[in-house]
Each structure stands twice: as C-alpha cells, then as structure tokens.
Amino acid sequence: MLWVDKYRPKTLDQVIVHQDIALNLKKLVTEQDCPHLLFYGSSGSGKKTLIMALLRQVFGPGAEKVKVENRTWKIDAGSRTIDLELTTLSSANHVELSPSDVGFQDRYIVQEIIKEMAKNRPIDTKGKRGYKVLVLNEVDKLSREAQHSLRRTMEKYSTSCRLILCCNSSSKVIEAIRSRCLNVRINAPTEEQIVKVLEFIGKKEGLQLPSGFAARIAEKSNRSLRRAILSFETCRVQQYPFTSNQAIPPMDWEEYVSEIASDIMKEQSPKRLFQVRGKLYELLTNCIPPEIVLKRLLYELLKRLDAELKHEICHWAAYYEHRMRLGQKAIFHLEAFVAKFMSIYKGFLITTFG
Amino acid sequence: MAPMLQSSQQWVEKYRPRQVKDVAHQDEVVRVLTNTLETTNCPHMLFYGPPGIGKTTTALAIAHQLFGPELYKSRVLELNASDDRGINVVRTKIKDFAAIAVGSAQRQGGYPCPPYKIIILDEADSMTEDAQNALRRTMETYSKVTRFFFICNYISRIIEPLASRCAKFRFKPITEEIMSSRILHICKEEGLNLDAEALSTLSYISQGDLRRAITYLQGATRLFGSSISSNDLISVSGVIPQDVVEALFTACRSGDFDLANKEVNKIIAEGYPVSLLLSQIFDVVVEAEDISDEQKARICKRLAEADKCLVDGADEYLQLLNVASHVMLALCNMPEELNYES
C-alpha cells in the first residue's frame with residue numbers, strides 16, 4: 001500500500017494537519033445536526049481525507065465499507081430518453097460521485113440521484129429515519145445548469161439528504177449554492193506541517209531522517225501534502241539510508257516544461273516553435289492538463305526573465321488561459337502563448353542590444 | 001416526527017414566513033397581495049430583486065393562503081430550475097396544467113379558494129428564451145383559469161412580451177434594521193447570545209441577503225455554541241480577513257513583482273476564493289484616499305476583466321497574478337505602454 005493511503009487519517013481524532021477544522025467538524029456532527037457542507041481548497045490539502053473521516057464520525061466504521069458500482073441511469077427528458085453511465089462509490093449511508101464526468105448532461109444525474117436518495121431513506125436501529133449523505137466531487141467543474149438545478153433540490157430534500165460538496169476553487173461555484181452551505185476552507189498545509197507529517201511517517205516506518213531532508217521535500221512539494229508523501233516514498237525506494245544531500249527527484253513533466261522554457265528563451269524562430277509544438281503535444285498526450293502546463297511554463301519563464309517583462313508575460317498567460325477555457329483545442333492557445341512570448345522577447349532583445 | 005428531524009431542519013426553512021403579512025420590509029407588495037387575498041382578484045405577477053429577500057417566500061405564502069393545505073396540491077404547480085424546464089415542458093406539462101378547468105369560487109375551511117390555479121415559475125431568468133416565448137400564448141389562452149407567478153433575480157433576462165403581461169413587483173433590498181430585528185428574533189427563539197458587534201458584522205458580510213445571514217448564523221451556532229462573536233461569523237462566512245488583502249496591496253505598492261507573486265501564491269494555497277478577493281480589493285481601492293482617480297480607474301478596469309474571466313472559468317492563480325501585476329503598474333505609475341489590447 002502506498003504511504004499516502006496507509007497513513008491517511010481514518011478518524012477526525014487522528015488528523016495531524018487540520019486539527020482545528022477537525023475539532024469543529026466533530027462538534028458539528030455530534031449534535032446530530034449536519035448542514036450541507038462545501039469544502040474548498042487547493043489539491044493535496046486534505047479535503048477528501050477530512051470528508052471520509054467526517055463520514056466515519058457520523059456513521060461509524062460502516063462508512064468505510066464502500067462498493068464501487070458502475071450505474072446506469074435512464075432519464076426521460078421529454079421526447080427522448082438519455083442513457084447515462086457513471087461510476088459511484090457507495091456505502092449504506094452515503095454515495096459519492098463526480099457528476100462532471102458525464103459532461104454536459106451532468107444536471108440529469110444531479111437531479112435524478114438526489115430524488116432517488118430522498119425516496120428511500122435509511123432507518124436506523126431505533127426506528128428513526130436518518131439521512132443519507134451525498135458527496136459530490138469537483139463541483140467547480142459542474143455546468144451552470146447543474147449547479148442551478150442543485151439550488152432548490154438542496155432545500156427541498158434537506159430533511160432526508162445532506163450534501164457534501166468538494167471543489168478546488170469556490171469562485172466557480174455559484175453564489176446561490178455557496179450561500180446554502182456551510183463553507184469550510186481547507187488551507188494547504190504549511191511547510192512546517194508537512195515536515196511534521198513526514199517525520200511522523202518516518203518514525204512509524206522506522207526510518208532515519210537526516211536533518212533538513214524532510215524540509216527539503218516539503219519545500220519542493222508546493223504545499224501539497226500528497227505530493228510530499230509520494231516523493232518521500234520515491235526517495236525511500238531510490239536510496240536508503242537517506243543522505244542529507246540526496247536529490248529529490250522532480251516530476252518528469254516539470255523537467256520537460258522546464259526544458260521547453262529554456263528552448264524558447266534560447267532561440268525565437270518558427271523552427272523552434274515547431275519543435276516546441278511537438279513537446280507540448282507530448283505533454284498533452286500524457287494527460288497533463290493544459291492549464292497546468294501553461295502555469296508551469298509561466299513559472300519557469302518568470303524565473304528567467306527581467307522584471308520589466310514579467311508584467312507583460314503574466315498578462316498574456318492569463319489572457320491565453322482564458323481563451324483556452326472558452327475554446328476547444330488547448331494546443332492552439334498554448335502555442336499562441338509560446339509564439340507571443342517569442343515575439344515579445346525578441347522585440348525586447350532587439351531594443352536592448354540592437 | 002422523530003426528534004432528530006426537528007433539529008436537522010434548516011433555520012432558513014424553519015423561519016420562512018408562512019403568511020404574506022409576515023414578510024419583512026416589502027410593504028407595497030404586501031399591500032397589493034393582502035388586497036388580493038380579500039378580493040381574490042389576482043393578475044399575473046413578476047417578482048424580481050436580489051437573492052435572499054423573500055421573493056419565493058412571498059409567492060409560496062400567497063399560494064398557501066389562497067388555497068389552504070388541502071387544495072394546494074391540485075391548484076398550485078411549482079417549477080424551479082431544478083426541474084426540467086425546456087420548451088418541451090412548457091408545451092406539455094405547463095400547458096396541460098394550465099388547461100385544467102376548476103370549480104367556481106367557494107370558501108373552504110377559511111381559505112378563499114378563488115376559481116383559478118397558480119403556476120409558480122421560480123428562477124425564471126434561467127429559462128431559455130424559447131421556453132419563455134412558448135409561454136406567451138399559453139398565458140393568454142388560459143388566463144381565465146390560471147395565474148402565473150414569475151420569480152427572478154434579473155428582470156432584464158425575462159423577455160419583454162412576458163414582462164408586459166405581468167404586474168411587476170420589485171423587492172427592495174432589506175435594510176440593516178429589518179435584518180437586525182429578524183436576526184434578533186431568531187436569536188431569541190433559539191436562545192442565542194449575539195452582541196452588537198457580531199450583529200453588525202453579520203449584516204455586513206451577508207450584504208442584505210437575509211438567507212445568507214441566517215445560514216451563517218446557523219453555521220456559527222453549530223460550530224461555536226450559543227454565544228457567537230464577530231470573529232466566529234467571519235470564519236464561517238469565508239470572508240477573506242482584511243490583513244490578507246492588505247498584504248497583497250502592500251506587496252503591489254512595493255513594485256517588486258516577485259514579492260507580489262509570492263503573495264499571490266500564498267493566497268491561492270490558503271484556498272481563498274479569488275472572486276471574493278477581487279471584490280474586497282475593489283472595496284479597498286475605491287475607499288483608498290492616496291490613490292488618484294486615474295489609478296483607481298485603471299485598477300477597476302482590470303478587476304472587471306478578471307472577474308469576467310473567472311466567470312468564464314479561467315484559472316484563479318493566473319487571473320489574480322494578472323490583477324496584481326496591473327495594480328502594481330498602476331500604483332507605481334509605471335506606464336502601460338505595452339499594447340495589451342490586440
């Protein structure tokens with residue numbers, strides 16, 4: 001088992017990083033009174049861990065016995081029926097799904113499943129009717145229609161069904177939904193907290209950690225705990241006992257983006273643009289999301305540029321990312337950004353050095 | 001009902017006014033509607049106004065008061081954006097319901113029960129234009145037996161032919177006093193302790209949206225128990241602490257791009273919602289006295305553009321960085337000689 005999963009806190013008491021939030025969540029559910037919740041925070045900050053721990057707190061160990069199901073829905077939409085397929089994770093008391101996987105038809109799923117859940121409510125041992133929990137992932141990727149259709153459904157079925165929504169950026173969740181939920185912001189763990197967790201894992205695994213080693217991993221992890229633990233494990237596989245100056249392997253794709261950045265700094269010509277296109281395609285075919293590529297590219301370029309150019313480049317990065325979101329083919333916009341950069345940089349070189 | 005259900009009820013639902021006369025602060029609307037209750041004469045209606053001020057509440061209350069619990073199911077059709085409301089539904093479901101004839105006026109159990117049905121279309125501004133067009137004729141044909149209530153946030157998204165067929169009511173944003181009195185009422189009912197500072201914080205962070213205020217209040221109660229301070233409310237509402245905004249601003253003033261970049265990275269890692277941050281930056285900029293009008297204009301222009309991009313789904317980090325860079329250019333009076341427009 002990967003350490004990421006092995007040392008994932010199972011209960012709210014075991015949480016190391018977000019102790020204050022865990023404490024609040026515990027208070028929240030002990031009163032048997034759970035509002036709709038909206039968790040938001042950057043990736044690797046522990047949203048999912050907290051949600052699972054919360055479910056366990058509410059429903060006991062039964063919440064961990066989940067089954068993966070590939071369910072199909074037949075939805076009657078007026079003149080035609082729509083067949084939808086979606087993978088769900090469910091236990092007796094909760095259902096988890098990422099409705100955004102079905103693309104633009106996500107709203108049917110959202111409406112269907114909540115109505116379905118509201119119809120058959122679980123009865124606990126005392127004969128009381130409890131509520132079910134629906135965990136929706138990636139709410140920020142839901143279409144506007146689906147989000148709108150959540151609004152009233154949330155109110156209507158609030159006695160029988162609680163929603164836990166999980167997303168990266170709450171800007172993309174419409175105001176109407178945010179105002180109906182208790183918003184829980186999960187901040188990314190600080191580097192000290194990551195070090196603490198790494199030391200904890202090291203102790204459990206009986207490893208010798210040279211001083212400063214954990215801190216270096218934490219620094220490289222970009223405040224993502226998941227990434228820190230993964231690269232910690234990679235280091236362990238590569239070389240043990242650790243040496244204090246052991247190299248921490250960077251991600252392949254980050255290396256690759258860095259290479260692209262140096263390429264376009266070195267030469268600005270159509271020929272180079274063509275070569276870069278090949279590299280960008282390589283990244284995209286390896287399923288690196290285009291906006292991440294663009295962000296990383298900007299990061300690499302900003303490291304190498306003079307201060308006066310930074311403003312302009314970051315403006316264009318924002319511009320092309322926006323265009324990318326509106327358009328269909330990411331490669332055009334990535335390439336446009338590279339071309340734009342080349343022209344600006346070339347112009348800058350000519351005016352400075354003649 | 002099981003005791004558990006009682007406690008798990010949302011306060012928003014629990015304290016929803018049941019009668020038209022209880023609706024706070026919307027005097028004109030209430031006057032017209034009470035008149036309706038007496039005469040049972042009712043035009044098509046269009047309610048519009050910002051969220052959380054009682055539009056849906058009013059519509060539901062009048063329907064309940066007209067028909068009472070028994071007839072309510074057969075006389076009122078409530079459709080909102082969570083139901084499918086394409087043109088097909090308008091052509092079939094709404095038309096079918098509208099076409100049903102009803103008996104003549106007879107008072108039943110103290111309710112007026114006028115001889116028509118009511119169709120409530122909540123969140124009507126999210127209906128497609130086609131669907132709205134399909135309603136036009138339906139409204140007129142069946143006007144003898146059916147009344148339509150449209151509820152929406154933006155009246156400009158209702159097509160003119162529909163709007164002209166309705167009596168329009170603008171719901172006013174709730175003033176601070178009304179909101180305070182309503183909140184205090186809930187506090188009394190629930191046995192909460194809320195000091196004056198917390199109360200003013202609550203009305204500031206909810207910005208006139210009573211539903212939001214009540215949700216925050218309930219959230220804070222669940223987390224922090226029955227005495228609530230203004231800090232508790234801020235942490236529940238997700239408002240960004242002022243010092244975070246200040247820090248970003250100071251970084252921009254310094255004119256050092258890397259410093260601003262670091263600050264932006266920190267904000268993103270903390271998970272603050274950028275759309276909210278933009279509006280808070282806006283507040284700071286507009287109120288700042290040491291910034292010239294021209295600088296303000298430059299900054300606001302970028303804020304507006306970034307907001308639009310965020311709505312389109314653009315990346316938060318890049319947009320915020322872009323805003324920070326432009327704020328820096330404006331504050332340090334660096335020229336925007338670069339041609340950004342092309």
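The values are calculated or read from the model by the stated rules, or taken from the named source; none is laboratory data. Every value quoted in this text rests on a predicted model; they were computed, and no experiment measured them. As a convention, Cβ positions derive from the backbone with ideal geometry for all residues, glycine included, and neighbour counts pool all protein chains shown. The accessibility values were calculated without ligands, DNA or RNA, using every heavy atom of the protein model including side chains. Shrake-Rupley method; radii C 1.70, N 1.55, O 1.52, S 1.80 Å.
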Next item on the list: Taking only Cα atoms and a 10 Å spring cutoff, compute GNM fluctuations for chain B and point out the largest among B:Glu123, B:Glu246, B:Glu176.
Entry: B:Glu246
Next item on the list: Could you work out the local net charge near A:Val338, counting Lys and Arg as +1, Asp and Glu as -1, over the other residues with Cβ closer than 11 Å to its Cβ?
Entry: +2
Note to self: Please report the carbon-and-sulfur percent of the accessible area for segment B:106-176; probe 1.4 Å, protein heavy atoms only, DNA, RNA and ligands left out.
What the structure shows: 44 percent
Check: Shielding of A:291-300 by partners, i.e. mean partner chain Cβ atoms within 10 Å per residue?
Finding: 2
Check: Expressed as a rounded percentage, what relative contact order does segment A:254-322 have, with Cα pairs under 8 Å and six or more residues apart?
Finding: 36 percent
Item checked: Whole-Hz couplings from phi, Karplus 6.51/-1.76/1.60, listed for segment A:188-201; x for Gly and Pro -> 5, x, 6, 5, 5, 5, 5, 4, 4, 5, 5, 5, 4, 5
Check: What is the packing order of peptides B:313-322, A:210-219, A:333-342, taking the mean over residues of other C-beta atoms within 10 Å and listing the highest first?
Finding: B:313-322, A:333-342, A:210-219
Check: Roughly what would the spin-label model give for B:Asp258 and A:Asn222, points 7 Å off Cα along C-beta, in nm?
Finding: 2.0 nm
Next item on the list: Using amide H atoms built 1.01 Å from N in the peptide plane, name the residues 5+ places from A:Cys161, or on other chains, whose amide H lies under 5 Å from its own.
Entry: A:Lys132
Checklist line | Whether chain A is rounded, prolate or oblate, judged on the alpha carbon gyration tensor where a/c under 1.5 counts as rounded | finding: oblate
Next item on the list: Take the Cβ-Cβ distance between A:Lys10 and A:Phe104 as r, set R0 to 45 Å, and report the resulting FRET efficiency rounded to the nearest 0.05.
Entry: 0.75
Margin query: Going by amide H atoms built from the backbone, whose H comes under 5 Å of the H on B:Ile120, apart from near neighbours?
Written below: B:Leu77, B:Glu78, B:Leu79, B:Phe149
Checklist line | Whole-number accessible area per residue in Å² for chain A, which is evaluated in the context of all protein chains at 1.4 Å | finding: 47 Å²
Notebook entry, point to check: Between B:Glu28 and B:Asp195, how many nm apart are label points set 7 Å from Cα along the C-beta direction?
Noted result: 4.1 nm
Check: Over segment B:17-97, what is the mean sequence separation of C-alpha contacts under 8 Å (at least six apart), divided by residue count, expressed as relative contact order in percent?
Finding: 30 percent
Next item on the list: Using a Gaussian network model of chain B whose springs link C-alpha atoms within less than 10 Å, name the residue from B:Lys21, B:Lys308, B:Lys95 with the highest mean-square fluctuation.
Entry: B:Lys308
Checklist line | Per residue accessible area in Å² of segment B:181-315, where ligands, DNA and RNA are left out and the probe is 1.4 Å | finding: 43 Å²
Notebook entry, point to check: Can you work out the FRET efficiency for the pair B:Arg136 and A:Asp76, with r the C-beta to C-beta distance and R0 = 22 Å, to the nearest 0.05?
Noted result: 0.25
Checklist line | Nearest-ten-degree value, helix A:307-326 long axis tilted from longest Cα axis of chain A | finding: 50 degrees
Notebook entry, point to check: Length gain on complete extension for the stretch B:Tyr72 to B:Glu177, per 0.36 nm per residue less the alpha carbon to alpha carbon distance?
Noted result: 34.4 nm
Check: If one computes the Cα centroid of segment A:55-71 and of segment A:307-354, what distance in Å separates the two points?
Finding: 47 Å
Margin query: List the pairs from A:Lys310/B:Lys296; B:Lys14/B:Lys172; A:Lys6/B:Lys262; A:Lys74/A:Lys141; A:Lys6/A:Lys67; A:Lys26/A:Lys196 whose alpha-carbon separation is above 25 Å, in the order I gave them.
Written below: A:Lys6/B:Lys262
Checklist line | Exercise: per-residue mean of other protein chain Cβ atoms within 10 Å, B:234-246 | finding: 2
Notebook entry, point to check: In nm, to one decimal, how far is the modelled label at A:Gln328 from the one at A:Lys203, with both set 7 Å along Cα→Cβ?
Noted result: 5.6 nm
Notebook entry, point to check: Taking the highest mean first, how do the peptides A:298-306, B:58-66, A:188-196 order by number of other beta carbon atoms within 10 angstrom per residue?
Noted result: B:58-66, A:188-196, A:298-306
Margin query: Once neighbouring chains are kept in place and the probe is 1.4 Å, which whole percent of the accessible area of chain A is contributed by carbon and sulfur?
Written below: 51 percent
Next item on the list: When you have a sec, figure out the Kirkwood radius of the protein assembly as shown from all distinct Cα pair distances and drop it here in Å to one decimal?
Entry: 28.3 Å
Check: Can you list the residues of segment A:86-119 with backbone N under 15 Å from a point 7 Å past the Cα of A:Val68, pointing along Cα to Cβ?
Finding: A:86-91, A:96-98
Margin query: For a Förster distance of 45 Å, can you work out the FRET efficiency between the beta-carbons of A:Lys346 and B:Ala247, rounded to the nearest 0.05?
Written below: 0.80
Note to self: Taking θ = phi - 60°, what integer Hz values does the Karplus form 6.51 cos²θ - 1.76 cosθ + 1.60 yield along segment A:57-63, in sequence order, with x for Gly and Pro?
What the structure shows: 4, 6, 9, x, x, x, 5
Next item on the list: Specify whether the C-alpha gyration tensor of segment B:237-338 places it in the rounded, prolate or oblate class, a ≥ b ≥ c being the square roots of the eigenvalues: rounded for a/c under 1.5, otherwise prolate if a/b is larger than b/c and oblate if not.
Entry: rounded
Next item on the list: Give me a single rounded figure for A:143-156: the average over its residues of other chain Cβ atoms within 10 Å of their Cβ.
Entry: 4
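If you take the accessible area of A alone plus B alone and subtract the pair, what total do you get in square angstrom, rounded to 100, with a 1.4 Å probe?
Approximately 5700 Å² gets buried when A meets B.
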Margin query: Using 18 Å as the Cα-Cα cut-off, could you pick out the over-long pairs in B:Lys95/B:Lys144; A:Lys65/A:Lys132; B:Lys266/B:Lys301?
Written below: B:Lys266/B:Lys301
Checklist line | Selected from A:Gly44, A:Gly60, A:Gly206 as most flexible by GNM, with chain A as the system and alpha-carbon contacts under 10 Å | finding: A:Gly206
Notebook entry, point to check: Can you work out ³J(HN,Hα) from phi for every residue in segment A:256-269, in order, using Karplus 6.51 cos²θ - 1.76 cosθ + 1.60 and θ = phi - 60°, giving whole Hz and x for Gly and Pro?
Noted result: 5, 5, 4, 4, 4, 4, 5, 4, 6, 6, 6, 9, 10, 8
Checklist line | nm² value of the averaged projected area, convex hull over the Cα atoms of segment A:245-349 | finding: 7.2 nm²
Notebook entry, point to check: For segment B:116-180, which trypsin sites (Lys or Arg not before Pro) are both in a DSSP coil and crowded by at most 12 other Cβ atoms within 10 Å?
Noted result: B:Lys144
